[in-house]
Amino acid sequence: MLIRKPSDIKSSEITSRDHYVDRRSFMRGALSGAAMLGAAAVGADRVADLISPRTSALAGTKLETVKSPLSTTGETLTTYQDITTYNNFYEFGVDKGAPSKNAGGLPTRPWTLKVEGLVNKPQTFDIDTLLKMHPLEDRVYRHRCVEAWSMVIPWVGYSLSELLKQCDPQSKAKYVEFHSYFDKKVEKWYYEDAGINWPYTEGLRMDEAMHPLTLLTMGLYGEVLPNQDGAPVRIVVPWKYGFKSAKSIVTIKVTDKQPNTTWNLQGANEYGFYSNVNPTVDHPRWSQKTERRIGAAFYDQRKQTLMFNGYGDQVASLYNGMDLKKNF
Ligand SMILES: Nc1nc2c(c(=O)[nH]1)N[C@H]1C(S)=C(S)[C@@H](COP(=O)(O)O)O[C@H]1N2
Ligand SMILES: [Mo]
């Protein structure tokens, strides 16, 4: 992304959700048969790969959800196929197609999320507790990557504030830090040479983290998150560039100092701590005025990028008095 030029992989094949699921389970059935027959001939790794791990064992598990009044309306949803095969998840490789191929081994059960730091009630939550703690909402959000492409994604989750409130942040708490899972044995594709400081770390100001739009996300399209999209739990901050939305998080640390975040350390002039979507502030290497909508018909692909990604009515007041040209 971020290191290389945005690649222009065409989302050539657009398959509807149902067709995709049918085809996938059909292929899995066909392949496990083939795998059993051929087990002696092909190596054990290859057999394992044939049987399933391209996607997690939990993939396709339905979640019980309610509609959210905070959903974005009037946009065409990006297909499940595109959302799950065009990804940025550098721990599993830098190409957009790599995470969907490589993230099958991410161990999403058991999984815990620890909330620590400046809170009166530090706690470790099991993923199955998180899934039941508060009603899960279907929330449609625009997603705008700093690389100037975008999607419209029907996430499932609830406001991060619901979780933070349970931990009772102290009054000196000013920031929240998110740490992604990191294991070199599982995420063999992490980009060692680029000098990225793993684990992937992101952060928000406390009031941004408590804003109702900031989503603790556990699913998409009404099902558990596929591994490549940050299973089993991630953050989604729809008014900021996509890299602010850390995937597969294991720790939330509440602090009084602005966190050092992965991409900000890579290049502060390219990836600001705030990184609110802003069409008037270009990335040093490309324009941010427009975006390419993944999967849209060719005549409809170029969209004007909206200030705060279109969420200004809800979030602009968080930045009163700040120079929006500098808060990038
Ligand atoms: N741990 C981790 N989180 C991450 C990333 C990553 O490489 N590693 N990429 C970010 C970027 S640049 C984007 S655009 C979104 C992509 O989310 P998606 O693949 O579910 O669309 O995840 C963000 N969160
Ligand atoms: Mo991104």
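Below is a table of values for the structure above.
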{"item": "22 Å Cα-Cα threshold exceeded, pairs from Lys253/Lys326; Lys62/Lys165; Lys114/Lys247; Lys67/Lys174; Lys114/Lys165", "result": "Lys253/Lys326; Lys62/Lys165; Lys67/Lys174"}
{"item": "Whole-Hz ³J(HN,Hα) from phi, Karplus 6.51 cos²θ - 1.76 cosθ + 1.60, for region 250-260, glycine and proline x", "result": "10, 9, 10, 10, 8, 9, 10, 10, 4, x, 7"}
{"item": "Alpha carbon convex hull of region 198-278, volume per residue in cubic angstrom", "result": "105 Å³"}
{"item": "Eligible aspartates and glutamates near Lys188 by straight Cα distance, threshold 16 Å, same-chain separation 8 or greater", "result": "Asp45, Asp49, Glu91, Asp95"}
{"item": "Hydrodynamic radius (Kirkwood) for region 289-328, which is based on Cα pairs only, to one decimal in Å", "result": "11.9 Å"}
{"item": "Percentage relative contact order, region 141-252, counting C-alpha pairs under 8 Å, at least six apart", "result": "35 percent"}
{"item": "Alpha carbon Rg of region 61-319, scaled by the compact-globule rule 2.2 N^0.38 Å", "result": "0.94"}
{"item": "All lysines inside 18 Å of Lys303 as judged from Cα atoms, apart from same-chain residues fewer than 8 positions distant", "result": "Lys10, Lys240, Lys289"}
{"item": "Antiparallel DSSP beta bridges within region 146-293, percent to nearest 5", "result": "90 percent"}
{"item": "Relative compactness, region 263-317, computed as alpha-carbon Rg over 2.2 N^0.38 Å", "result": "1.29"}
{"item": "Sequence ranges 308-320, 207-219, 175-187, ranked by mean other-Cβ count within 10 angstrom, highest first", "result": "207-219, 175-187, 308-320"}
{"item": "Cβ-Cβ FRET estimate between Asp168 and Gln301, R0 fixed at 41 Å, reported to 0.05", "result": "0.35"}
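Bear in mind that the values in this text are calculations on the coordinates, not laboratory data. The shown structure was predicted, so the numbers you read here are calculated from the model rather than taken from an experiment. Virtual Cβ from ideal backbone geometry, glycine too; neighbours counted across all protein chains shown.
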